[in-house]
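The values are calculated or read from the model by the stated rules, or taken from the named source; none is laboratory data. Everything quoted here is computed from the prediction, not taken from an experiment. Every residue, glycine among them, receives a Cβ derived from its backbone with ideal geometry; neighbour counts consider all protein chains shown. Quick note on the areas: whole protein, heavy atoms, side chains included, nothing else; ligands and nucleic acids left out. Shrake-Rupley method; radii C 1.70, N 1.55, O 1.52, S 1.80 Å.
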Amino acid sequence: MDIVDLMISDHIVTIGDLQGFPVTVQKDPDALIEALGRAGKLSEVQQMRYRAIAYDYTIKSDEEMMATTPHQIDGIDREFMMFYTACPIELARGTIIWAAADLPNKRLVSEIVLRHRKSRHEFVWATPKAIEGAIERMSKREGHSLKFLVENAYAQINQGNDDAIVSLTDEIIRTAFKNGATDLHIEILNRKPTVLARIDGELEELVPLPVEVYERVLGRLRHIAGVRAENYKKPLYGRMTFDLSSRQQVDIRYTTQPITLEGTAKIAMRFLRSFEGNLDSFGYSNTTIEKIDNLMRFEEGCIIFSGPTGSGKSTAARLMIRRGQRPGQNVISYEKQIEERMDNVIQTEEDTSAGLNLETFMYAALGLDPDVLFIGEVRSPEDTQKAIDAGNLGHLVITTMHANDTFMTLDRLIQRKVPPEQIFTNVRGIISQRLVRRLCSKCKIPTEIDLEYADKLNNLRKVGFRAGDIIYRPNRNGCEHCRYRGYLGRIAIEEVLELWRKDISRNIWTNTRLRPDWLDIIREQARSSGHMIDMLSGGLLHVKNGITSLEELEKFFSADMETIQ
Ligand SMILES: [Zn+2]
């Protein structure tokens, strides 16, 4: 395109302006643009734009740039991109398409080719503002850069080169960890292998993998986890220490579960982050902490932490042990798999092939005269009975169980045939909890509630909502602070059933047998005692205080909360 015509039709210059320049300048686009710039007719960005047009580069508008997905690629860091005002925006069959503001640019091209010799490079023009915006967005949404690495690896595999798999696998692990994930999964979703990360309890899709890439990433993971894949029908376990950077490492537990499709498996990787934090940062209320301190003063009996998978019950149990541990106190643990290392605790891991099960452990452990026994999740009736029974042998037994709330935990103990009199003699307290996501404080959206809605909420639980109160909901688009999720971190909502208080467990017997309505009686007595704040009440208080949202609570208490729709 002739840029002189274009500039005239763009009303940038007039024919009169041009006639002031020598013909040699008029005929040389570079010279003309420069001269117009010096004459103050073209801004710097306009000069760049017309130069790109003169050299036949495609022009991307700012709007088009907003619709692109900028990518992070090997060897091209943010500094490089900012220096050259250029960033990769597309990858198609071995070709990387770059947006750049200053074109043509021989130095940029040679620097890029130096780093990515095997790919072809094409360039389009965009304004510096649009490119800088794209670089900003890129550093925010890591999934995009993973997608690019996957595409890059796929293109290389098709050229017979597997080198990119190593850096791709590393980057998948790093990205998940950096985003605060507890677990990384690779599963087949809708027949497509997909990498997912559990962040704040929610499984989020990080990036899909083409089958060719998936197989190689799997191979790479097995290699670093030190597991061999002779038999896909068997679950595999492994462990790896992964270098996040030259200064930081993380231990990862690696598990594969075979799935029906031959040669495919479900991969779960758990980051074994070092055990940090205390009960306060967990978000327990002061009254809960007080109740737990009371429980930890018992020298005998059982304390049970319950909740569904992912409710943080075993973390809570560990926090409580650490908080309550006195100098010289002897704490021994028995866990299916050691999830977190604990200081000053003798930790034992189940090993049935070596004959180490709960029974043999107990026999050995009791000989060591422990003050506290921590028994990781009990699942079978036999193990549950053993754990509760150990509560009257002169040690404090702390264990965890899968159950929805404190009352259902009691019910489950009965179902598992623990003798009722043993339950009510040995169990001192049950703590049940959920972890709900905290609203991002920077982007949460306020809503004022009216009288009718306040009444509805107060009918759920009496937590004192008033007309005109402000509650919050998440911003669906999120913000930079919360990595575009609307939520950031989690907080516990918990309830403590203090069975040691005799007024809670009275009136439940007829002679030596439990009354049929014993559970309702306990529930009612716990409520009327004034000692117990149930989980939903705790959650609603967090809503009232702007910490979480009603819709987040509904995920856990949908049945209770139907009336507020
Ligand atoms: Zn936010």
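Just the number, please: carbon plus sulfur as a percent of the accessible area of the stretch 147-272, 1.4 Å probe, no ligands or DNA/RNA counted. Provide the component values of the computation, followed by the final result.
Values: 2870 of 6260 Å².
C and S atoms contribute 46 percent here.
Can you list, by residue number, the Cys in the chain that have no neighbouring cysteine C-beta under 4.7 Å?
87, 302
Can you run the Rg to Rh ratio on the stretch 3-56? Use alpha carbon positions and the Kirkwood inverse-distance Rh. It would help to have the intermediate numbers written out before the result.
Details: Rg = 9.8 Å, Rh = 10.9 Å.
On the Cα set of the stretch 3-56, Rg over Rh gives 0.90.
Treating the beta-carbon of each Lys and Arg as +1 and of each Asp and Glu as -1, no other charges, what is the dipole magnitude of the chain about its Cα centre, to the nearest 20 debye?
Values: 74 positive and 81 negative charges, 121 e Å.
That gives a dipole near 580 debye.
Give a residue-ordered list of calculated ³J(HN,Hα) values for the stretch 192-204 (Karplus: 6.51 cos²θ - 1.76 cosθ + 1.60, θ = phi - 60°; whole Hz; x for Gly, Pro).
10, x, 9, 8, 10, 10, 8, 10, 6, x, 9, 7, 10
Leaving ligands, DNA and RNA out of it, report the carbon-plus-sulfur percent of the accessible area of the stretch 59-140 at a 1.4 Å probe. Show your work: numbers first, answer last.
Working: 2110 of 4110 Å².
Reported share for carbon and sulfur atoms: 51 percent.
What share of the DSSP beta bridges in the chain is antiparallel, in percent to the nearest 5? Kindly include the intermediate steps, with their values, before the conclusion.
Values: 57 of 89 bridges.
Within the chain, antiparallel bridges account for around 65 percent of the total.
Restricting to DSSP H runs of at least four residues, report the calculated mean residue ellipticity at 222 nm for the chain, -39500 (n - 2.57) per run over all residues, nearest 500 deg cm²/dmol. Walk me through the numbers before you get to the answer.
Numbers: 23 runs with 227 residues, N = 565.
After summing the helix terms and dividing by the residues of the chain, the value is -11500 deg cm²/dmol.
Any chance you could look up the accessible area of residue 425 with a 1.4 Å probe, heavy atoms only, rounded to 10 Å²?
Using a 1.4 Å probe on the heavy atoms, I get roughly 80 Å².
Taking the Cα-to-Cβ direction at residue 527 and at residue 136 and moving 7 Å from each Cα, how far apart do the two end points lie in nm?
Once both label points are built, they end up 5.3 nm from each other.
Dipole magnitude of the stretch 147-272 about its Cα centre, charges +1 at Lys/Arg Cβ and -1 at Asp/Glu Cβ only, in debye to the nearest 20? Before the final figure, lay out the partial values.
Numbers: 17 positive and 17 negative charges, 82 e Å.
Charge dipole of the stretch 147-272: 400 debye, to the nearest 20.
Excluding residues fewer than 8 places away in the same chain, name every one of the aspartates and glutamates whose C-alpha is closer than 13 Å to that of residue 442.
Counting by Cα, and skipping residues close in sequence, residue 442 has these aspartates and glutamates nearby: 480.
Please calculate how many Å² of accessible area the chain carries per residue, with a 1.4 Å probe and no DNA, RNA or ligand atoms counted. Write out the running numbers ahead of the final one.
On the way: 28090 Å² over 565 residues.
Normalised by residue count, the accessible surface of the chain is 50 Å².
Quick check on the stretch 453-565: what are the equivalent-ellipsoid semi-axes from the Cα gyration tensor, as sqrt(5λ), descending, whole Å? Provide the component values of the computation, followed by the final result.
Working: eigenvalues 250, 48, 30 Å².
Rounded to whole Å, the semi-axes are 35, 15, 12.
Taking R0 as 35 Å, what's the FRET efficiency between residue 61 and residue 163 from their Cβ-Cβ distance, rounded to 0.05? List each step's numbers first, then the result.
Numbers: r = 37 Å, r/R0 = 1.05.
Once the sixth-power term is evaluated, E becomes 0.45.
Beyond 41 Å, how much of the Cα-Cα pair distribution for the chain remains, as a whole percent?
Details: 68143 of 159330 pairs.
It works out to 43 percent of all Cα pairs.
Apply 1/(1 + (r/R0)^6) to the Cβ-Cβ distance of residue 502 and residue 414, taking R0 = 22 Å, and write down the FRET efficiency to the nearest 0.05.
Result of the calculation: an efficiency of 0.70.
How long is the gain from residue 467 to residue 519 if the chain were fully straight, where each residue apart is worth 0.36 nm and the alpha carbon distance is subtracted?
On the way: separation 52, 0.36 × 52 = 18.72 nm, distance 3.59 nm.
Here the segment from residue 467 to residue 519 would lengthen by 15.1 nm.
If DNA, RNA and ligands are ignored and the probe is 1.4 Å, what is the ranking of 531, 542 by accessible area, most exposed first? Intermediate results must be reported in sequence, preceding the final value.
Details: 531 60, 542 30 Å².
My answer, sorted largest first, is 531, 542.
Could you work out the per residue convex hull volume over the alpha carbons of the stretch 147-272, in cubic angstrom?
Numbers: hull volume 13.6 nm³, N = 126.
About 108 Å³ per residue, rounded to a whole number.
Could I have the simple spin-label model distance between residue 340 and residue 249, label points 7 Å from Cα toward Cβ, reported in nm to one decimal?
2.1 nm
Which angle from 0 to 90°, rounded to the nearest 10, does the C-alpha axis of helix 406-415 make with the longest principal axis of the chain?
With both axes taken from Cα atoms, the answer is about 60 degrees.
Simple spin-label model, 7 Å along Cα-to-Cβ: residue 393 to residue 442 in nm?
Reported label-point gap for residue 393 and residue 442 is 5.3 nm.
Under unit Cβ charges (Lys, Arg +1; Asp, Glu -1), what dipole magnitude, rounded to 20 debye, does the stretch 44-95 have relative to its Cα centre?
On the way: 5 positive and 9 negative charges, 29 e Å.
In debye, rounded to 20, the stretch 44-95 gives about 140.
Choose one of 128, 66, 82: the residue whose Cα lies farthest towards the positive end of the charge dipole of the stretch 59-140 (beta-carbon charges +1 Lys, Arg; -1 Asp, Glu; about the Cα centre).
With unit charges placed on the Cβ atoms, the residue in question is 82.
Would you work out what percent of the accessible area of the stretch 488-538, with all protein chains in place, is carbon or sulfur (probe 1.4 Å)?
Working: 1240 of 2610 Å².
Ligands and nucleic acids excluded, carbon and sulfur give 47 percent.
Work out how much length residue 110 to residue 27 would gain on full extension: take 0.36 nm times their residue separation and subtract the Cα-Cα distance, in nm to one decimal.
On the way: separation 83, 0.36 × 83 = 29.88 nm, distance 2.89 nm.
Here the segment from residue 110 to residue 27 would lengthen by 27.0 nm.
Charges on Cβ only, +1 for Lys and Arg, -1 for Asp and Glu, centred on the Cα centroid of the stretch 147-272; of 272, 177, 207, which one is farthest towards the dipole's positive end?
It is 272, whose Cα lies furthest towards the positive end.
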